[in-house]
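Encoded as structure tokens, the structure appears first; notes follow it.
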Amino acid sequence: MFRTIEWLDDNTVRFVDQTKLPLVTEHITTSSYERIAEAIRIMEVRGAPAIGAAAGMGMALAALENEAHAKNQLVEFLEQAAITLNTRPTAVNLTWATKRMLDVAKETEGNADQVTQRLIEEAKEIAEEDVRMCRAIGENALSLIKPGFAIQTICNAGSLATVHLGTVGAVIRIAHQEYGGSIKVYAAETRPRQQGARLTVFEFMADNIDTTLITDGMIGTVFKEGRVDCCVVGSDRIFRTGHITNKIGTYTMAIAARYHNIPFYAAAPISTIDWETNPKDVVIEERNPDEIRMINGEYITVPDAKVYNPAFDTTPPELITAIITDRGIVEHPNEEKMLKLKDQ
Ligand code: MRU
């Protein structure tokens, strides 16, 4: 797979437009942080680590766009840019990346130009770190994934949801490589934005991984028929309690997995852990009702049908067999075990 988003030598950012995949592979190049904010908002770039990397690069573009020479004016400009870039509330990676860039700006000595150069390096480092963390997640997961496993996933936590490789993507790709190409994937379609159908199927098929598309409502049946050995899902926010917030439908999958004694794993980098927030206080993004009322621009229901469209849900730790991170695996997560991971 190509890189989802990258910083180019001419100080522009290039990303693949995920709203057009899989039928059209089109890249967008921009030097505007506001265009990056828009890309995150309309989901041209989506997936928690990818929007974190995009926000980091957006902050570096903002620094280049700033015209003031004094560092304190640059920092003020960046504070506003961070607000503009935080267009989706649920994934922790957005605020994590903008805060990291702001902290670097504040700590770096020098004038605006010198701070800007440092911010460009930091944005590139966030992206490279993401690739390294994904690889480590995949390597750590090898102790849980066995040759020939069929893995159920939801949404897209593959390469496209990160800079490269993916979180779930790394778990699957590295096991597939290690076990002679024997891993199979069941991808849930993921209504309403169909990230499973559009993106997960696309990228695993591109890597010759045996992938079967199902609708979200088929998950229980697939489990009952014994087609799946484990579930591996991504996360938009993991809490110190071991709760995970991920794409809507994850919670229902975890309940069905428990009923059928199927291990349920969440895979995410350490940057997805929110050590502060209480899971009940997470802001779940509610998206446009037309995402549910329409398919491909056509109404499939009464045009003013009442709709509820939360984009994410939260799964409690008692339904999670293990959280797989780049720092290691937390089996049967709870607060004590999560805090040990923090201190590692
Ligand atoms: O609304 P999206 O497509 O941004 O949601 C993405 C997910 O829910 C992913 O599972 C999550 O961000 C983890 S990506 C490695």
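I'd like the per residue volume of the convex hull spanned by the Cα atoms of the stretch 281-344, given in cubic angstrom. All intermediate terms of the calculation are to be shown ahead of the outcome.
Numbers: hull volume 9.5 nm³, N = 64.
It comes to 148 Å³ per residue, whole-number rounded.
Give the order of 237, 293 when sorted by the count of other beta carbons within 10 angstrom, beginning with the fewest.
Values: 237 26, 293 19.
Ascending number of Cβ neighbours within 10 Å: 293, 237.
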Highest GNM mean-square fluctuation, the chain, Cα pairs closer than 10 Å: which of 138, 181, 226? 226
How far is helix 250-259 tilted, in degrees, relative to the longest principal axis of the Cα atoms in the chain, given as a value from 0 to 90 rounded to the nearest 10? 30 degrees
Quick one: angle between helix 92-107 and the longest Cα principal axis of the chain, in degrees between 0 and 90, rounded to 10, please. 20 degrees
Per GNM of the chain with C-alpha springs under 10 angstrom, the most fluctuating residue out of 90, 29, 116 is 29
Residue by residue through the stretch 283-294, what is 3J(HN,Hα) from phi via Karplus (6.51 cos²θ - 1.76 cosθ + 1.60, θ = phi - 60°)? Round to whole Hz and write x for glycine and proline. 8, 8, 5, 9, 9, 3, x, 5, 4, 9, 6, 10
As I understand it, the value is the acute angle between the Cα axis of helix 168-178 and the longest principal axis of the Cα atoms of the chain; what does it come to in degrees, rounded to 10? 70 degrees
Can you tell me the dipole magnitude for the stretch 137-342 around its Cα centre, using point charges on the Cβ only (Lys, Arg +1; Asp, Glu -1), in Debye to the nearest 20? 260 debye
Counting other C-beta atoms within 10 Å, and keeping those with at most 15, which DSSP coil chymotrypsin sites (Phe, Trp or Tyr not before Pro) do you find in the stretch 248-285? 275
Can you sort 59, 43 from fewest to most other Cβ atoms within 10 Å of each residue's own Cβ? 43, 59
Cα centroids of the stretch 279-314 and the stretch 207-254: how far apart, whole angstrom? 20 Å
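Just list whichever of 20/337; 20/306; 20/106 have alpha carbons separated by over 31 Å in the model shown.
20/337; 20/106
Structure shown: which of 99/247; 71/99; 247/280; 124/340 lie over 19 Å apart, alpha-carbon to alpha-carbon? If you can, show how the numbers build up before the last one.
Values: 99/247 24 Å; 71/99 17 Å; 247/280 16 Å; 124/340 29 Å.
99/247; 124/340, as the Cα separations exceed 19 Å there.
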For the chain, built as a Gaussian network whose Cα springs stay under 10 Å, the top-fluctuating residue of 89, 263, 303: 303
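Read-outs: derived from the displayed coordinates by stated rules, not from any lab. Everything numeric in this text was worked out from a predicted model, so none of it was measured. Positions of Cβ are generated from backbone atoms using ideal geometry, with glycine treated the same way; all protein chains shown enter the neighbour counts.
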